[in-house]
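A short write-up of the structure that comes next.
The values are calculated or read from the model by the stated rules, or taken from the named source; none is laboratory data. Predicted model only: the values in this text are computed from it and were never measured. Please note: Cβ atoms are built from the backbone with ideal geometry, for glycine as well, and neighbour counts cover all protein chains shown.
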Amino acid sequence: MPLLAIAFLAAGTYALRLVGPHSRDRIHLPERAHRLLGIAAAVLLIALVGVGTLTEGHDFAGWSRPAGVLVAGILAIRRAPFPAVVVAAIGTTALLRLAGAS
């Protein structure tokens with residue numbers, strides 16, 4: 001039964017991907033809907049980052065991972081080079097874990 005459900009969802013997804021570009025000129029959304037869809041995408045991305053940052057399985061991930069993400073976020077806002085952002089986040093997380101923070 002799960003294989004049938006997966007096949008059905010895959011076929012539906014493929015059909016929507018085919019129909020989407022063809023119906024672009026036929027469906028007109030209000031300007032407010034366009035703004036809300038953009039905001040909804042940002043909120044979903046923030047929620048995924050939050051869950052990935054703060055949890056590990058069903059438990060709290062500890063303070064070192066959120067600290068590394070915070071450092072990466074600050075450096076990204078300041079437009080630091082991407083390798084520097086990654087190295088700083090990894091270094092922050094590693095140093096905090098080495099110091100005993102979970």
TODO: Collect the residues in the stretch 1-44 that are acidic (Asp, Glu) and under 26 Å from the mean Cα position of the chain (by Cα), keeping them in residue-number order.
DONE: GLU31
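Name the one entry in ILE46, ILE90, ILE74 that is part of a helix (DSSP H, G or I), modelled with pLDDT of 90 or more, touching a Gly at 6+ places or on another chain (Cβ under 8 Å) and surrounded by 10 or more Cβ atoms within 10 Å (Cβ to Cβ).
On the way: ILE46 fails: touching a Gly at 6+ places or on another chain (Cβ under 8 Å); ILE74 fails: touching a Gly at 6+ places or on another chain (Cβ under 8 Å).
Checking each option against the conditions leaves just ILE90.
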Task: Options SER64, SER23; residue that is among the polar types (S, T, N, Q) and under 30 Å from LEU98 (Cβ atoms) - done: SER64
TODO: Check the stretch 13-31 and report whether any residue there is surrounded by 10 or more Cβ atoms within 10 Å (Cβ to Cβ), assigned to a helix (DSSP H, G or I) and among the basic types (Lys, Arg).
DONE: no
Open item on the list: If TRP63 meets every condition in (1) farther than 21 Å from ILE90 by Cβ; (2) modelled with pLDDT of 90 or more; (3) surrounded by 10 or more Cβ atoms within 10 Å (Cβ to Cβ) apart from one, which number is that one?
Closed with: (1)
TODO: Answer yes or no as to whether ARG79 is part of a helix (DSSP H, G or I), at pLDDT 90 or above, more than 18 Å from the chain's Cα centre (by Cα) and exposed (fewer than 10 other Cβ atoms within 10 Å of the Cβ).
DONE: no
